[in-house]
Amino acid sequence: MHAAVLWLIFALVLAGAEALTGHLFLVMLGGGALAAAITSWLTDWPGWADGTVFLIVSVLLLVLVRPALRRRLTPAHAPRLGIEALEGKKALVLERIGRDEGQVKLDGEVWTARPLNEGDVYEPGESVTVLQIDGATAVVFKSSP
């Protein structure tokens, strides 16, 4: 069997394995194997030269192409979902918020609320910021104007 065919099979195996991982590492090695297959098919170089082509092309792809490709394919920041999306939002005090009582309107819904500091009290109509969601209770603190 010609060496180019072996390099081509190796490239296809690496590309197939990349489909299982998705880290863009094995496909870069597959690119190096493809370059070695093309070199082996076009030239009469010895096997170690094909291996050198594989090594050089793989390293170049890993160093130069993979980082740029990963930046393009992965989002800059994942959107916050669920209760994480509520943290940091402004809320309107509906019922007086004290140590063990209170309600706010947050994102169009009514939530029970408690102040971050036990001694704080917020009156209806005030604007507060949600620090975190603790179970079904919004932990709030006074918003700066």
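The values are calculated or read from the model by the stated rules, or taken from the named source; none is laboratory data. Just so it is clear, the structure is predicted and the values come from calculations on it, not from any experiment. Neighbour counts are summed over all protein chains in view; Cβ atoms, including those assigned to glycine, are modelled from backbone coordinates with ideal geometry.
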Quick count over the stretch 25-54, residues being assigned to a helix (DSSP H, G or I) and either in contact with a Leu (Cβ under 8 Å, 6 or more places away or on another chain) or surrounded by 19 or more Cβ atoms within 10 Å (Cβ to Cβ) (or both), is 17
Taking first residues from the stretch 1-25 that are in contact (Cβ under 8 Å) with a residue 40 or more places away in the chain and within 16 Å of Val57 (Cα to Cα) and second residues anywhere that are aliphatic (A, V, I, L, M) and buried (at least 17 other Cβ atoms within 10 Å of the Cβ), the pairs with Cβ under 6 Å that are 6 or more apart or on different chains are Trp7/Ala33; Trp7/Ala36; Trp7/Ala37
Here the residues within the stretch 81-97 that are out of contact with any Leu (no Cβ under 9 Å at 6 or more places or on another chain) and modelled with pLDDT under 90 are Leu81, Gly82, Ile83, Glu84, Ala85
*Can you confirm whether the stretch 55-78 contains a residue that is closer than 30 Å to Ala11 by Cα, small (Gly, Ala, Ser) and either in a loop (DSSP other than H, G, I, E, B) or at pLDDT 95 or above (or both)?*
yes
Listed by first then second residue, the pairs whose first member lies in the stretch 110-126 and is modelled with pLDDT under 90, whose partner is outside any strand (DSSP E or B), with beta carbons under 7 Å and at least 6 positions apart or on separate chains, are Glu118/Arg99
Among the residues of the stretch 100-130, the number that are in contact with a Gly (Cβ under 7 Å, 6 or more places away or on another chain) and assigned to a loop (DSSP other than H, G, I, E, B) is 1
Taking the stretch 127-138 and the residues there that are in contact (Cβ under 8 Å) with a residue 40 or more places away in the chain and touching a Leu at 6+ places or on another chain (Cβ under 8 Å), the one that is surrounded by the most Cβ atoms within 10 Å (Cβ to Cβ) would be Ala138
Looking at the stretch 88-108, can you tell me whether even one residue there is over 25 Å from the mean Cα position of the chain (by Cα), closer than 30 Å to Val130 by Cβ, exposed (fewer than 11 other Cβ atoms within 10 Å of the Cβ) and of a type in the set (Gly, Ala, Ser)? yes
